[in-house]
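Participant: Take a look at the following structure, please.
Please treat every number below as a calculation from the coordinates, not as lab data. No experiment lies behind these values; they were computed from the predicted model shown. Heads up, the Cβs are rebuilt from the backbone with ideal geometry, glycines too, and the neighbour counts pull from every protein chain shown.
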Amino acid sequence: YANIIPSTETTSAQKLLAALARTCKIFHEPAMDLLWTEIHGLEPLLGCVARLHPLIYHNGTRWDDSDKPWAKGVEPLSAHEAHQFLRHSSRIRTLDIQSDHPHLLFVIPTEACVFPRLKSLSLSTTYLNLFLPHMLHRCHLLSIDKGLQSFVTRCIALEHLCIYTA
């Protein structure tokens with residue numbers, strides 16, 4: 001994790017957990033679960049893909065220029081790259097996505113549960129079906145698409161749904 005996200009954006013606790021995950025097999029899984037519990041954006045996961053890492057994290061800092069989105073014109077993930085992405089996506093419990101580049105995930109079937117342990121979701125993008133696990137408890141949507149119909153059948157544990165309209 002600390003190797004994926006530049007040191008300027010990681011906390012001391014994250015650095016400690018990353019070192020623990022690399023050092024001890026017994027603590028690897030619990031430390032990785034804690035590191036990936038809460039993610040803001042898809043970039044940390046997409047940064048695990050070798051081809052995308054230099055696009056997202058150039059010069060040791062994360063790309064954050066809304067006028068020039070890093071994903072514009074980037075090809076979707078290959079099957080091998082999707083595996084790199086999915087390696088950590090199952091650990092995420094809280095996800096906040098304010099970007100519009102899930103087009104990179106087209107290789108992942110919509111019936112697949114990309115984030116099976118996700119409990120809380122804030123989303124301002126379409127492609128809702130990619131982010132709906134059965135155990136989702138809280139969801140905040142800044143836009144809606146036809147995937148909203150899937151809530152009834154897929155999110156059986158949903159307790160709070162908030163849809164913001166313009």
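Participant: Using a cut-off of 14 Å between beta-carbons, work out the net charge of the residues near GLU29 (Lys and Arg +1, Asp and Glu -1, GLU29 not included).
Facilitator: Details: positive: ARG22, LYS25, ARG87, ARG91, ARG117; negative: ASP33.
Around GLU29, the surrounding residues sum to +4.
Participant: I want the local charge near ARG51. Using Cβ-Cβ distances under 9 Å, sum +1 for each Lys or Arg and -1 for each Asp or Glu among the other residues.
Facilitator: Details: positive: none; negative: GLU75, GLU81.
That sum, taken over residues with Cβ under 9 Å, equals -2.
Participant: Around SER90, what is the net charge, scoring Lys/Arg as +1 and Asp/Glu as -1 over all other residues with Cβ under 15 Å from its Cβ? Walk me through the numbers on the way to the answer.
Facilitator: Details: positive: ARG87, ARG91, ARG93, ARG117, LYS119; negative: GLU29, ASP33, GLU38.
Computed value for this residue: +2.
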